[in-house]
1. Within region 108-126, track down each residue that is under 25 Å from Lys177 (Cα atoms), crowded, with 17+ Cβ neighbours inside 10 Å and of a type in the set (Ser, Thr, Tyr).
2. How about region 6-47: which of its residues are polar (S, T, N, Q) and farther than 22 Å from Ile117 by Cα?
3. For region 141-150, check the following and say yes or no: at least one residue is closer than 30 Å to Ile173 by Cα, in contact with a Lys or Arg (Cβ under 7 Å, 6 or more places away or on another chain), assigned to a helix (DSSP H, G or I) and modelled with pLDDT of 95 or more.
4. For residues that are more than 10 Å from the chain's Cα centre (by Cα) and surrounded by 15 or more Cβ atoms within 10 Å (Cβ to Cβ), scanning just region 94-107, find the one that is farthest from Val143 (Cα to Cα).
5. Could you go through region 148-161 and let me know if any residue there is surrounded by 14 or more Cβ atoms within 10 Å (Cβ to Cβ) and under 20 Å from Leu21 (Cβ atoms).
6. Would you please name the residue that is modelled with the highest pLDDT, looking only at residues in region 36-53 that are surrounded by fewer than 11 Cβ atoms within 10 Å (Cβ to Cβ), assigned to a loop (DSSP other than H, G, I, E, B) and not aliphatic (A, V, I, L, M)?
7. Quick check on my filter: what residues within region 164-177 are in a helix (DSSP H, G or I) and free of Cβ contacts under 8 Å to residues at least 12 places away in the same chain?
Amino acid sequence: MIENKILKWSLVLGIIIVLNLFFAYALKVIYKAPQWDNFCKEQQVIEKIDTKEACLEKGGQWNENIYPREVYVEKPALVEEGYCNLNFVCQNDFQDAQKNYEKNVFMTLIGLGVISIIISFFIASVEVVSMGLSLGGVLSFIVASIRYWQYASEYLQVAILGVALATLIWLGIKKFK
């Protein structure tokens, strides 16, 4: 009897894990993530930019040094205090593309999770597979939420948690009456 329960839960756990690995790798193959090199080209030689004007001209962001330092030179020289972030514009473009990508992945994983849960109700007669698919769908919701969490607004975060809680309660009632 105990062996049978262990075998059933092993199969359920296997379905949960493999289902979500399948989702992750299918998304990776079908929908390519933005690559840093497509937005910010690596240069073999990076020239030093010492002035705010030169930095802005190159599309960078000048950052003032908040801790000024004394510079000792033999003859008077103009010394700008700060540094240039040459990747400012391309980094923002990359982050926008990454946010859009994660939003699309979030929606896709939620959709796949819903489909998994719906299928689990149609095959309720096969308890082990049904349980694996429904819990795999729930894990897909969790993975989707974790991936998108940093980009979601506070209101969306509350909505995600509310929907997740409602889904878990509903699943618990339907599966374990």
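1. Ser116, Ser120, listed by residue number.
2. Filtering region 6-47 for residues polar (S, T, N, Q) gives 10, 20, 35, 38, 43-44.
Once the filter is applied, which keeps residues that are polar (S, T, N, Q) and farther than 22 Å from Ile117 by Cα, region 6-47 yields Gln35, Asn38, Gln43, Gln44.
3. Our first condition is that a residue be closer than 30 Å to Ile173 by Cα; within region 141-150, this holds for 141-149.
If we keep only those that are in contact with a Lys or Arg (Cβ under 7 Å, 6 or more places away or on another chain) too, we end up with 148.
This time we only want the ones that are assigned to a helix (DSSP H, G or I), so: 148.
From the residues that got through so far, the ones that are modelled with pLDDT of 95 or more too are none.
No, region 141-150 contains no residue that is closer than 30 Å to Ile173 by Cα, in contact with a Lys or Arg (Cβ under 7 Å, 6 or more places away or on another chain), assigned to a helix (DSSP H, G or I) and modelled with pLDDT of 95 or more.
4. Across region 94-107, the extreme among qualifying residues is Phe94.
5. Within region 148-161, one or more residues are surrounded by 14 or more Cβ atoms within 10 Å (Cβ to Cβ) and under 20 Å from Leu21 (Cβ atoms).
6. Here the answer is Lys41.
7. Pass one, region 164-177, residues in a helix (DSSP H, G or I): 164-175.
Scanning region 164-177 gives Leu165, Ala166, Ile169, Trp170, Gly172, Ile173.
Table: residues versus (1) farther than 30 Å from Gly14 by Cα; (2) in contact with a helix residue (DSSP H, G or I) (Cβ under 8 Å, 6 or more places away or on another chain).
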| site | (1), (2) |
| --- | --- |
| Gly82 | yes, yes |
| Val89 | yes, no |
| Ile123 | no, yes |
| Tyr155 | yes, no |
| Leu165 | no, no |
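The values are calculated or read from the model by the stated rules, or taken from the named source; none is laboratory data. These numbers come from a predicted model, not from an experiment. With ideal geometry, Cβ positions are generated from the backbone for all residues, glycine too; neighbour counts draw on all protein chains shown.
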